[in-house]
Amino acid sequence: MRSRLRPLLCALSVVVAVGAAQAQPKPKPSRTAKAPTATKPAAKPGAKPAGKKPREDVPTPGKVVTGNPSNGAPLPRPSGDMAMGPETPELRSLTQAERELFGPQNATSNLDTKLPRVHATGLPPAPATATPTVAEGGRDIAWLSKLDLPDLPIRWEARLVRYLEFFRDDPRGKATLALWARRSGRYRDGIRKVLKKKGMPEDLAWLAMIESGYDPSARSPAGAVGLWQFMPESGRAYGLAQDRWLDQRYAVRPSTEAAADFLSDLQRRLGSWELAMAAYNMGYGGLVSVVKRYNTNDYWSLSQLEGALPWETTLYVPKILAAAVAMKNPAVFGLKDVPHDPSTDGEEIAAPPGTTLAVIAQASGVPVKELEQLNPELRLSRTPPGTVAYTLRVPAGRGAQAQQNLPKLKTGEVQVTTVRFGETLDQISTRTHVPQTKLAELNHLAKGETLKEGAVLLLPKGAVGGVPADDKLLPVVVPQEVFVYPGRRRLFHRVAVGDTTKDLAERYHVTLDEIVKWNTLDPSGRLQEGMTLQLFVPADVDVAKTAALGESEVRVIPVGSEQFFALTDPKGRKRIEITAKSGDTLASIGQRHNVSPALMERINRRGRNDALPEGTKVYLYVDPPQGATNGAIAANPVSAPSAPASANGGLEPLPAADPR
């Protein structure tokens, strides 16, 4: 037991000694902040890092680190939902500066270089509360004591101080901060209102600035988008609609509501805003596993332990806090004279479903481009089609005008249809009598795009469905076996890309074995797009939202029937039957009737040069005589075995009329 405890006790004694060395009891400022760790002087940008032992694949808990990974590898990205921020120019510049600020040559440390002093209390040290005046290397940081603090918890840790110095003194930091400050005018007040309404720190508004640079169109390589960089899954979990018409992750107000709820949930589960922000960056599950593994729920302690937090998360929280401090003190950080962009809050109006932004712009008296900037969530510059009006934003002062003029304008000569289960564009075209090209144009469909069940599509006004004429019915080949099920109805499902027998069985309330039997399928094979399966579905199953066709909507063709052979020959030839004579082979019979040996083999399922017993039935597909109609050729003319070969190749004379 003692051998197991020794490493833990050693690590604890180091942390205790460090905390004791930092404690400097001084009067508390008006708004309490925790004392910082003194920082080492910044190395020159081109300085060569001191040699260090390469980092092990499996880090050892308890080792304190404060710089970039010691092997100099690229900065790792977190694995959570919010990983991999957008590559905007200012964020790229900031990332490069961080490599210089926090690389191995500039690593800051909370460890005293002297031997640690062991305190036997067994309790962690209380953080010091004094604001520092001088950092290591003689840098004057007394100005920190004069700063107004945000409504987020501030601890004067080395990385936070270094970010503040970067934003105040480095031209790159000053330029980045000024750009963000200018852009913040568009969204800051609206975000603060949402946070205040939910009883949360209003300075969490700066988290969005660090996430996206206050650019609602920002998109990360991992697929996170919008001001708050929501991934699709987390966005849906917090109520942000995403379909072909709408992606509310780009919408400022809905995404802010969702982000506030997300952060509030994280804070309630984790207990501190520092951990909540860290979890927003690296993922809740990942952070909880780190807390359990390293047995501390203090963000700042975790940020100093080797292998605990992703490097990006180590910088993420102090970066947000530094931005909040800087924005709280515009004069100190050179932001006093930076103009703010006008607010994009605008006014909300309700527009009919399927209304184009061009019509709304006409009603509002503003350019379409301005509406697109206010409503970036509308992917196709149109309110989502359907039955419910959509609330969107118009410039301030234009709401009443837009609402008054919209009813007077044509909102578009369109109606809608809903994609049924398994339905393809071809089937929708047949059902609605709208050409596929028109459907693709109205709905901005990409070539080969798979339509999802429940998707709403636009149709031209007046488009109607109906039962197609007999010659337009879908031909469906079915096994010869006849199935009779009282209490069931026969339906036909056209296979779309991605359909499986399991999906169909669940959707139509039948079994996999039944589908295999009804359609002579191999259960291990894949269904191919364009196949049509017959299904005997219980009468009480609702199939209104599926693409299933009834018996009156298809032309059923049993295998082996006359219609089957007419359907399966792509060249429109006629199937005939003759009787082989002594010495005949498939090749010789085919030669007499201008049918290739390969086709003869394919039809008759035997080798082309095999001798045929006299009287064997042989089948051929032959072209009808020139000028003959379908009724002028018998379906199955049979040669007389005793008749000698004649000029017509041994075939009996054709009857005067086809009995069909």
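The values are calculated or read from the model by the stated rules, or taken from the named source; none is laboratory data. These numbers come from a predicted model, not from an experiment. Cβ coordinates were reconstructed from backbone atoms using ideal geometry, including for glycine residues, and neighbour counts include every protein chain displayed.
Before moving on, here are some points about what is shown:
- The set of residues from the stretch 241-298 being within 18 Å of Leu378 (Cβ to Cβ), in contact with a Leu (Cβ under 9 Å, 6 or more places away or on another chain) and free of Cβ contacts under 8 Å to residues at least 60 places away in the same chain comprises Ser255, Ala258.
- Condition check for Ala175: hydrophobic (A, V, I, L, M, F, W, C) and crowded, with 17+ Cβ neighbours inside 10 Å: no
- Residue within the stretch 204-222 that is free of Cβ contacts under 8 Å to residues at least 12 places away in the same chain and either surrounded by 19 or more Cβ atoms within 10 Å (Cβ to Cβ) or not β-branched (Val, Ile, Thr) (or both) present: no
- Test: Ser217 is farther than 12 Å from Ser184 by Cα and not assigned by TED's automatic domain parsing to the domain that holds Val456: yes
- Within the stretch 469-509, tally of residues that are in contact with a helix residue (DSSP H, G or I) (Cβ under 6 Å, 6 or more places away or on another chain) and small (Gly, Ala, Ser): 1
- Any chance Met231 is at pLDDT below 95 and of a type in the set (A, V, I, L, M): yes
- With respect to the stated conditions, Glu274 fails to be more than 16 Å from Pro201 (Cβ to Cβ), acidic (Asp, Glu) and in the same structural domain as Asp148 (by TED's automatic domain parsing).
- Failed item, numbered, when Asp610 is tested on (1) modelled with pLDDT of 85 or more; (2) crowded, with 16+ Cβ neighbours inside 10 Å; (3) acidic (Asp, Glu): (2)
- When Pro310 is tested against (1) farther than 24 Å from Leu177 by Cα; (2) surrounded by fewer than 20 Cβ atoms within 10 Å (Cβ to Cβ), exactly one condition is not met: (2).
- Residue that is of a type outside the set (Phe, Trp, Tyr), crowded, with 21+ Cβ neighbours inside 10 Å and either over 30 Å from Asp542 (Cα atoms) or modelled with pLDDT under 85 (or both), where the choices are Leu406, Leu392: Leu392
- Breaking point among (1) surrounded by fewer than 18 Cβ atoms within 10 Å (Cβ to Cβ); (2) outside any loop (DSSP other than H, G, I, E, B), for Ala276: (1)
- The single condition among (1) farther than 30 Å from Gln304 by Cα; (2) in contact (Cβ under 8 Å) with a residue 60 or more places away in the chain; (3) assigned to a helix (DSSP H, G or I); (4) in contact with a Gly (Cβ under 9 Å, 6 or more places away or on another chain) that Gly190 does not satisfy is (4).
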